[in-house]
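Encoded as C-alpha cells, the structure appears first; notes follow it.
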C-alpha cells in the first residue's frame, strides 16, 4: 500500500473523475488507471463503482480514503518533526511554472536566487497558468510564472510580453497562399487566418490559456477551428505541426527552443504581433515578501540579458518577446 497510490485514490474520490484527478496529479490518465487497477487486485476488492457520469466509492474505497488521510497526516507530522531536528530549518519555497519556462527562465534565475538566499529549499511544481493561479490563491505554492488573466486573490508582477505564433507544417500547401513578406519590425509574415478555416488544428484543453487565444483569434477570422488531436504541451504541438498533423498556436519560447532542422514555419497572428503578458504571481496578502521582489528583479534581468544577445537576433525570441 503505497502512499502515492493512497493520494491517487483520495484525489479521484474528491474530484469524482479519473480525468480531473490525472490533471491535478500531473500524471497521465492511463498511468492513473493502471495504478488503481493494481491496487484493487492487491486488496481483492473494487474501490469505485463506475456509474454514468460519476464515480462512487465502494465500502472498501471509503475505508482506504478514511484511513489513507490519517496515513498522510502521519507522514506530514513525521517530516515536520524531522525538520525540527535540524539546527537550521530551511525555508521551503514552492514555485510553479510550465516546464518550458522552467528551462528558459527559471534555471539561471534560481541559481542566482540560491546564492542570495543559501538557506532556502526550492520546490518546483509543473503546471499551466489556470491551475497555477489556483495553487497560489489556495496557498499550495507561494509563486508561479503565469499568463494573464489573473485571479482576484493574486498579486501579479509583469516580467515580459511574449508573442504567440501560428505554426504551419513546412510542406503544407497552405504556404503558397500565405504571405511571405515579413511584417514591419519582424522577420515573420502575418498570417491571414481566414485561409486556415479548412485546415486541421492541434487543439489544447479548454483550461489552457493558449486554447483561449486560439478560439479568440480564429473567431475574429470568422471560424471555429477543428482538429483530431488535443494536447497539453506547446512543444509537443509544435513537433506535431512539423510532422504535418495540423496547424498550432505556439508561444515564442517554444519556437525558439525548437531545433532548426525540425522547425515549422511561423507566422504572426496580427500586424504588429499578438502578445500576452507573463508575470510572477503570488498571494496578494503577502505584501512584505523579499523573495518575491528578488525573483521579479532577477527574472527581468535575465530577460534583458537575453534580448541583448546577438545570438537571438534571428529567432522568435528577439521579435517575439518585448521588454516589459
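The values are calculated or read from the model by the stated rules, or taken from the named source; none is laboratory data. The shown structure was predicted, so the numbers you read here are calculated from the model rather than taken from an experiment. Note: ideal-geometry Cβ built from the backbone for every residue, glycine included; neighbour counts use all protein chains shown.
Points worth noting:
- Of all residues in region 49-86 being surrounded by 14 or more Cβ atoms within 10 Å (Cβ to Cβ), closer than 18 Å to residue 17 by Cα and under 30 Å from the mean Cα position of the chain (by Cα), the one that is modelled with the lowest pLDDT: 55
- Qualifying residue in region 280-291 (condition: crowded, with 22+ Cβ neighbours inside 10 Å and either out of contact with any helix residue (DSSP H, G or I) (no Cβ under 6 Å at 6 or more places or on another chain) or assigned to a helix (DSSP H, G or I) (or both)): no
- Residue ID - surrounded by the fewest Cβ atoms within 10 Å (Cβ to Cβ), chosen from residues in region 15-30 that are out of contact with any helix residue (DSSP H, G or I) (no Cβ under 8 Å at 6 or more places or on another chain) and outside any loop (DSSP other than H, G, I, E, B): 30
- For region 238-261, the set of residues classified as outside any strand (DSSP E or B), touching a residue at least 12 places away in the same chain (Cβ under 8 Å) and under 17 Å from residue 103 (Cβ atoms) consists of 238, 239, 252, 253, 254, 255, 256, 257, 258, listed by residue number.
- Residue count, region 16-39 (criterion: touching a strand residue (DSSP E or B) at 6+ places or on another chain (Cβ under 9 Å) and closer than 18 Å to residue 69 by Cα): 2
- Of all residues in region 138-150 being modelled with pLDDT under 90 and over 16 Å from residue 276 (Cα atoms), the one that is surrounded by the most Cβ atoms within 10 Å (Cβ to Cβ): 139
- Every pair of residues 6+ apart whose Cβ atoms lie under 7 Å, when the first sits in region 275-296 and is more than 13 Å from residue 94 (Cβ to Cβ) while the second is in a strand (DSSP E or B) and modelled with pLDDT under 85: 275/322
- Filter result (surrounded by 13 or more Cβ atoms within 10 Å (Cβ to Cβ) and in contact with a helix residue (DSSP H, G or I) (Cβ under 8 Å, 6 or more places away or on another chain)) within region 198-220: 199, 201, 202, 203, 204, 205, 207, 208, 209, 210, 217, 218
- Residue 134 being touching a strand residue (DSSP E or B) at 6+ places or on another chain (Cβ under 9 Å), without any contact (Cβ under 8 Å) to a residue 24 or more places away in the chain and surrounded by 14 or more Cβ atoms within 10 Å (Cβ to Cβ): no
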